[in-house]
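> Below you will find the structure I want to go over with you.
No lab work stands behind these numbers, since they all come straight from the coordinates. Because the structure is predicted, anything quoted here is derived from the model rather than measured. Counting neighbours? That spans all protein chains shown, and the Cβs are built from the backbone with ideal geometry, glycine included.
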Amino acid sequence: MKGIVYIVLLLCCCKNAFSQEKSFPDSIFQKSLQEVVVTATRNERKLGNVAVPVTVINQKTIRQAASLRLKDILQEQAGLFITNGFGAGVQMQGLNPDYTLILIDGEPIIGRTSGVLDLNRISVGNIKKIEIVKGPSSSLYGSEAMAGVINIITDKSFQPNVELGLRYGTYKTFDGNLTASTRIGKFGVQAFLNQFNTDGYSIRPYSVERTSLPISRSTAQIQMQYRWNEKTALNASVRYNYEHIKNELAVSNNGQTVNSSGREINKDLNVSAALTHRFSKSVFNSLRLYGTRFEGSQKLTTTNAGGYDDYFLQHFMRAENQTNFQVSKQINITTGIGYQQEKVRSSRYDDKNSQKENSVGYGYFQTEWSPYQKLSLIAGFRYDANKVYAAAFSPKIAAKYAFSDRLQIRASYGKGFKAPDFRQLYLNFTNTSAGSYSVYGALEAGSTIAQLDAAGLIKQYENDFYALQNLRPEYSNGFNAGFTFFPLKKLQWQLNIFRNDIKDLIESRLVATRINNTQIYSYINVKQAFTQGLESNISFLIYPCWTFNAGYQFLQTADKDEWQKVKAGNYYYTRDANNNTRLLSRKDYIGLPNRSKHMGNFKIGFEAPNARWFVNMRALYRSKWVVFDKDGNGIYNRQDEFADGFVQLNLSAGYQLKNGLRFQVGTDNALNYTDAANLPNAPGRTFFAGVNWNFKKQSSNNIKK
Amino acid sequence: MLKSMRKFSILLAAVIIAFSSCKKEDVVTPVDTTNDGSFKVFTQGKVTTVQNLIADTIIGISPIGQPYGTGKYSFYSIENNSLVPSSDSATNRWDIAFRGTSILTNAGTSGPGNGGAFVQVGTFDAISAVSADSTFRTDAAPLYAIPLGSGKGWYNYNGASNLLTPIPGRVMMIRTASGKYAKLEILNYYKTGITPSSTAPDDIKINTQRYYNFRYTFQANGSTTF
């Protein structure tokens, strides 16, 4: 009964809203197109003028979704899927996490394990917005920007303010944020502290082993700005992140119990400085220096002979200068040069004292040309040269045409690449427990095998040995085309279709066999694949109360060699439950594993007209995805090889007092959907409550009085 | 106790065989094809099926977690549809031998016979003859006529689930010790012919593996057609 009253109240409020509609001169969406974005062109451009697909997630969305880590907010976006294994990675346009570049304020985050950058390492407490650019962006960003770029933009307003946020929830999950900023004359400073703890959880039946381990993460960041005048400013930032993961477990086998105790510590340090200067109305220059360090160590001790000790240290340093010229009202040119150096020491390669390094020199150039108001064109390229693997040339072209205020179309083509990583170049690994096979990086394999052969230890070269050579980067050619359409003033429909052709994917292959029959593997450019699909986002507003969002992605993928063989119809077979074998047909072929054909989300938000309180519901859907080759033919084709699709429902509500206090409660995964085998990172239903105090809001409210 | 049980069952089997062979009517007794986990050989038409041929099952786990067996092969005669004692391993009495994922044929470094094999792509039913351009490989340790390794010969091993599956559409063309031909398909590698679920506990995956379930057609007249 109470509920009905509330619904009536809500409807009443919206009726008021409709009656007020005339007083709103412009659609809120048209306003959103005026939002300034930087990631797509490395220039400040209005969202509506950008020719490539860009999504912006603003701070309000992040806060109302009660997100804590980068993973939490990205998983609510259409077309992004969070993968498990080596942390939470993001799959964009069907490409693995390896192929999405992740930036904080335009500078890359390092420390990937097996290509995955764990999104849980990044707190969203001080984020102003997240810009997501889809499609190859190597023409501006170089390696890794193959599927796209996610740029996290921190708040740099330096307004005098103190903000404190505390939150507690299921599984002893605690999150605390403290942000303090001020401006003293020409000097601005902001400090941010975040502490996150969780006790982990276990969703596997009959197992005491935790699916998710107890974790503690601490982040501190200081940002400073010195502004001499309107033309010249210096920005500097230091960010440090510390992560501690505990793993205590006991395994019983035949009455024997083996206790093991593990700990993983990851430390991130990022230091950046940027000097910007406007030489004239048409020339703007920025000089950026960036250094980052990631150190990860994992140690496991057990009461039996097992256990391991893993160490990884990576340094990345970069100097870059970018100049923007406004040649005329129609033409803008952006050009930059840079040099970066990367060093790695790891027990995963040979020994942890041997340092591997690579340096890259690069230059990029981009022209934006708007011959007349409705049409804008972008053409650009980047060249990356280095001493270890083949150089990369990455062009991009894009066009946007506005038929009217209601309909814009855009299309783009870009080439993306991902440089071979240190593992693929330098690995020197021999597994003494499982069959004593060895894996050598591409730069090590040739000489190591030659030495072994000289000592008479090589029995046989495999065909792939002769394919060993300097690795080339992995390449993609990406096409995107779509529109933004306003069928109604408050109804926005964005559609993008995409196709990515990926070649020279690097895989490990058997290259030689030793006299004692142990096998030697190395890395070569072998595989080809494609992903294609469409993404649609529909937003509908009933001002000022209701927002409705519906996002959807359709995705098809294939390994091109597998697909060719399936089409040829003489290589792949399958077997049914009665062991009857038959030739695989085209329609059996599913494609790459861990990808859902359909993904979607549906979000309803209600916000009181006075903005004092809000309620929202976010439903996330993912269709079944293939995980297992049950019939053993090496590819994915059977209907029983899938993990089940699911719906996750998240709810949140908040209330704001005049004195700057905000309260928020919510539940994630309200339907309590779990799948221990395939979704170990998704706990069951969780609850949380939080409070946030904003000093500025308090004082500004006082002033109003 | 166990011994006497076995004796009793052998006696029972002998009695049953004795009685059934005594039947005067030429009624074809229906073949019991149910797979109860025991070693069984039966023939239906041209196709002989073997269930649960034990190929050096795992007897222990090494300190570093590697399962191991006794290291002995199980020898089988395709011509006689029966197991061959390992004391006959140096004779022509066997045609094919199994140990873990390794399969031997009786020739070259494996035995004195005239055997050999190769893996052909296709379905068991569709292969009606040994094609004229076939080359039979012989074992030359450490290279074998049936190649070792996941994805290279007859099986795929999934490192994530630790399960082994025969590749569908791979048929072994076998030349027996006496030089006659057979086509043979491995159906399953686990006891009762059912691969454990990918989420099954490790001890089930370990204790039910190395039980070969396969079928073959043998051409006794020495021709290359089946």
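> Please order B:TYR189, A:TYR201 by the number of other Cβ within 10 Å, starting at the fewest.
In increasing order of surrounding Cβ atoms, one gets A:TYR201, B:TYR189.
> Okay, moving on. For chain A, calculate the relative contact order in percent as a whole number, restricting contacts to Cα pairs under 8 Å that are 6 or more residues apart.
10 percent
> Apply 1/(1 + (r/R0)^6) to the Cβ-Cβ distance of B:GLU79 and A:LEU671, taking R0 = 56 Å, and write down the FRET efficiency to the nearest 0.05.
Using R0 = 56 Å, I get an efficiency of 0.35.
> Separate question: State to the nearest 20 debye the size of the charge dipole of the stretch B:104-226 about its Cα centre, where the only charges are +1 on K and R beta carbons and -1 on D and E beta carbons.
Computed about the Cα centre, the dipole is about 120 debye.
> In whole Å, what is the distance between the alpha-carbon centres of the stretch A:617-678 and the stretch A:527-585?
That distance is 19 Å.
> Which length gain, in nm to one decimal place, applies between A:LYS658 and A:ILE184 when the Cα-Cα distance is subtracted from 0.36 nm times their residue separation?
Values: separation 474, 0.36 × 474 = 170.64 nm, distance 2.72 nm.
Computed gain between A:LYS658 and A:ILE184 is 167.9 nm.
> What is the distance, in nm, between label points placed 7 Å from the Cα along the Cα-to-Cβ direction at A:LEU491 and at A:ALA467?
Distance between label points: 5.2 nm.
> Residues in the stretch A:384-400, backbone N under 14 Å from the label point at A:PHE365 (7 Å along the Cα-to-beta-carbon vector): list them, ranges by number please.
Within reach of a label on A:PHE365, which here means backbone N under 14 Å from a point 7 Å along Cα→Cβ, the stretch A:384-400 contributes A:384, A:394-396.
> Of the options B:ILE127, A:VAL647, A:GLN195, report the single residue whose Cα projects farthest towards the positive end of the charge dipole of the protein assembly as shown (beta-carbon charges: Lys, Arg +1; Asp, Glu -1).
A:GLN195
> For the stretch B:68-107 and the stretch A:586-611, what is the separation of their Cα centres, given in Å?
Using only Cα atoms to place each centre, the spacing works out to 55 Å.
> Further, regarding this structure: Nearest 10 degrees, 0 to 90: what angle lies between the long axis of helix A:695-704 and the longest principal axis of chain A (Cα atoms)?
Tilt of helix A:695-704: around 10 degrees.
> Explain nothing, just the number: relative contact order of the stretch A:32-96, from Cα pairs under 8 Å at least 6 residues apart, as a whole percent.
16 percent
> Sort A:ARG227, A:ARG288, A:ARG622 so the one with the fewest other Cβ atoms within 10 Å of its own Cβ comes first.
Going from sparsest to densest Cβ surroundings: A:ARG227, A:ARG288, A:ARG622.
> To continue, here is another question. At a Förster radius of 45 Å, what calculated FRET efficiency corresponds to the Cβ-Cβ distance of B:SER178 and B:ILE59, to the nearest 0.05?
0.85
> Still on this structure, please answer the following. Loop-only trypsin sites (Lys or Arg not before Pro) in the stretch A:294-395, please: DSSP not H, G, I, E or B, and at most 11 other Cβ atoms within 10 Å.
Those that pass, being in a loop and sparsely packed, are A:LYS329, A:LYS387.
> Please give me the summed charge of the neighbours of A:LEU651: other residues whose Cβ is under 12 Å from its Cβ, Lys and Arg +1, Asp and Glu -1.
+2
> What distance in nm separates the simple spin-label points at A:TYR168 and A:LEU289, each placed 7 Å from Cα in the Cβ direction?
Those two pseudo-labels are separated by 4.5 nm.
> Still on this structure: List B:ASP32, A:ASP631, A:ASP268 from most exposed to least, where exposure is judged by having the fewest other Cβ atoms within 10 Å. List each step's numbers first, then the result.
Values: B:ASP32 9, A:ASP631 26, A:ASP268 20.
Taking fewest neighbouring Cβ atoms as first place, the list is B:ASP32, A:ASP268, A:ASP631.
> Count charges around B:PRO147 for me, please; just the other residues with Cβ under 12 Å from its Cβ, Lys/Arg as +1, Asp/Glu as -1.
Result for the local shell: +1.
> Could you tell me the center-to-center distance, by alpha carbons, between the stretch A:151-204 and the stretch A:466-500 in angstrom?
Between the Cα centre of the stretch A:151-204 and that of the stretch A:466-500, the gap is 34 Å.
> What average count of beta carbons from other chains do you get within 10 Å of the Cβ of residues in B:118-129?
2
> Say R0 is 22 Å: what FRET efficiency, to the nearest 0.05, do A:ALA454 and A:SER297 get from their beta-carbon distance?
For R0 = 22 Å, the calculated efficiency reads 0.05.
> Scaled to the compact-protein estimate 2.2 N^0.38 Å, what is the alpha-carbon radius of gyration of the protein assembly as shown, rounded to two decimal places?
1.11
> Same structure again: How big is the C-alpha Rg of the stretch A:477-624 next to the rule-of-thumb value 2.2 N^0.38 Å, as a ratio?
Here the Cα radius of gyration is 1.59 times the empirical estimate.
> Once you keep just the Cα pairs under 8 angstrom separated by 6 or more residues, what percentage relative contact order results for the stretch A:131-179? Don't skip to the answer; put the middle values down first.
On the way: 52 pairs, mean separation 12.7, N = 49.
Averaging sequence separation for qualifying contacts and normalising by length gives 26 percent for the stretch A:131-179.
> Oh, and also: Under 14 Å from the Cβ of A:LYS374, count the other residues' Cβ atoms, weight Lys and Arg +1, Asp and Glu -1, and hand me the total.
+2
> If you don't mind, there's one more thing I want to ask. Give me D for the stretch A:93-182 in µm² s⁻¹, whole number, from Stokes-Einstein with Rh from the Kirkwood sum over alpha-carbon pairs, 25 °C and 0.890 mPa s.
Result for D is 164 µm²/s.
> Oh, and also: So which trypsin sites (Lys or Arg not before Pro) in the stretch A:99-200 are both in a DSSP loop and have at most 13 other Cβ atoms within 10 Å of their Cβ?
Within the stretch A:99-200, the qualifying trypsin sites (Lys or Arg not before Pro) (loop, at most 13 other Cβ atoms within 10 Å) are A:LYS172, A:LYS186.
> How large is Rg over Rh for the stretch A:647-696, taking Rg from the Cα atoms and Rh as the Kirkwood inverse mean of 1/r across Cα pairs?
With Rh from the inverse mean 1/r over Cα pairs, Rg/Rh is 1.19.
> Any chance you could give the angle, 0 to 90 degrees and rounded to 10, that helix A:2-20 forms with the longest Cα principal axis of chain A?
The angle comes out at about 70 degrees.
> Further, regarding this structure: Starting from the Cα gyration tensor of the stretch A:523-582, take the square roots of the eigenvalues, sort them a ≥ b ≥ c, and report rounded, prolate or oblate (rounded when a/c is under 1.5, otherwise prolate if a/b is larger than b/c, else oblate). Let's see the in-between values first.
Values: a/c = 4.70, a/b = 2.27, b/c = 2.07.
Judged from the Cα gyration tensor, the stretch A:523-582 comes out prolate (a/c at least 1.5, a/b above b/c).
> Can you classify the stretch A:275-351 as rounded, prolate or oblate using the Cα gyration tensor, where a ≥ b ≥ c are the square roots of its eigenvalues, rounded means a/c under 1.5, and otherwise it's prolate if a/b beats b/c and oblate if not?
prolate
> Tell me the label-point distance for the pair B:LYS72, A:ARG685, using the 7 Å Cα-to-Cβ offset, in nm and rounded to one decimal.
Label at B:LYS72, label at A:ARG685, 5.9 nm between them.
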